[in-house]
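I have placed the structure first, in the form of structure tokens, so that the comments after it can refer back to it.
FYI, it's all coordinate maths here, none of it is from the lab. Small disclaimer: the values here were computed from a predicted structure and weren't measured. Reconstructed Cβ throughout: ideal geometry from the backbone, glycine too, with neighbour counts over all protein chains shown.
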Amino acid sequence: MVGDGDRRELTRRGDVLATKRREYDEDDVRVRPGKSSRPRTRTRPLHADAVDGFVIAVDRGRYTCVLPDPGPDAPLVTAMRARELGRKSVVVGDRVSLVGDTSGAAGALARIVRIAERSSVLRRTADDDETTAEGRLERVVVANADQLVIVSALADPPPRTGFIDRCLVAAYDADIEPLLCLTKADLAGPEQVLGYYAELELPYVLIRPDSDLDALRDLLAGRVSVMVGHSGVGKSTLVNRLVPDADRAVGVVSAIGRGRHTSTSAVALRLQPRPGARRSGASGAATGWIVDTPGVRSFGLAHVSANSLLHGFPDLVEGTVDCPANCQHTADETDCALDAWVAAGKADARRLASYRRLLASRSGDGDAREPDQRNPGDPLAGS
Ligand SMILES: Nc1nc2c(ncn2[C@@H]2O[C@H](COP(=O)(O)OP(=O)(O)O)[C@@H](O)[C@H]2O)c(=O)[nH]1
Ligand SMILES: [Mg+2]
Ligand SMILES: [Zn+2]
């Protein structure tokens, strides 16, 4: 179930209804009338002195922020929410305005007074992370991501195209570019997975223990990338190779966040431009960010319409032009044109099956069963 509260920042484009709740800004904040006879001001000062921050970690009401382009050793600023934010949530990836003590000195606490409009929003599934207060409250995992890095091993554990399909739908729906990152290429070839996606122009990289990561680094440079993948596929190994001091970075975040770093919370890690890579921007540094989402198993699609789900299946889109009006494209729709489309060899039957599995799972959003029980017939198909 996705409650109203979960939808408050949901905006979608195109054919999908925008359900954005009215956004509050500081002009809305009523200052309580004081005892003085001063005329009542309806607005607060606009915090002209506020500085920009980028939220890299969230832990129990404390937000770790970096100031723009401060270099690798710049202090991290710890902030709390200002009251005028109202019920607006702050998540990793948010670009915020900070006032107060932004020195980053020990014990210093700044306040977040504004959240910039988000260019994208990724939500986790309803069943993820009900163990922490933040997890129960907020289903937005990351804001402003440019790229979703879908990490899948080619073996051990075997690739699950159902999971990849779900991620692709979430990425296209959120207007985030997908990148398929196939790990353990030393153990198995990518032919089967790539064959399944042959009709899609899906960018991918192959990772093996001895491969240099230049191609991946170039794709990550200057962007905010979110990494997602099942346990055991090699995410931590990859992060540690990309960001050799990742553990230290997380440690710093944890110390500032007043406690243990919870393994379920997302953390943004700064990527250094690789030596020799072309540099961009006035600052000369094409800094990228990789967001690790350890507790996120998958992304929620409950809010995605049947037609928007199709964005993850561009090979099927053309097959729906002969569908009756309001066709839900499910297996129960006797006149759905997708069956004929597949029968005519225009698309892979496994793709239609995967699309329909997503359609079905979306109603409950978050099938609690193991992938193997869900898709007994097709070893590639689990989600
Ligand atoms: N053969 C092989 N093993 C890998 C590769 N990447 C990671 N592993 C191993 O896979 C296991 C799981 O890796 P880990 O990074 O912890 O996965 P995570 O759960 O996604 O963070 C570890 O034993 C790694 O050493 C790879 O490219 N090739
Ligand atoms: Mg790991
Ligand atoms: Zn149809």
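Where in the stretch 158-173 does the label zone of residue 194 land, with the point 7 angstrom along Cα→C-beta and an amide N cut-off under 20 Å?
Backbone N within reach: 158-162, 164-165, 168.
Given the Cα-Cα distance of residue 186 and residue 119 and 0.36 nm per residue of separation, how much length would full extension add, in nm?
Net length gain for the segment: 20.4 nm.
How far apart, in nm, are the 7 Å Cα→Cβ label points at residue 335 and residue 211?
Output for this residue pair reads 4.7 nm.
Once amide H atoms are placed 1.01 Å from N in the peptide plane, what residues at a sequence separation of 5 or more from residue 177, or on another chain, have their amide H within under 5 Å of its amide H?
The answer is 147, 148.
Once label points are set 7 Å from the Cα along Cα→Cβ at both residue 60 and residue 317, what is their separation, rounded to one decimal in nm?
Reported label-point gap for residue 60 and residue 317 is 4.7 nm.
Could you order the peptides 80-90, 352-362 from most to least packed, using the average number of other C-beta atoms within 10 Å per residue?
My ranking of the peptides, most packed first, is 352-362, 80-90.
In nm, to one decimal, how far is the modelled label at residue 237 from the one at residue 325, with both set 7 Å along Cα→Cβ?
Label at residue 237, label at residue 325, 5.5 nm between them.
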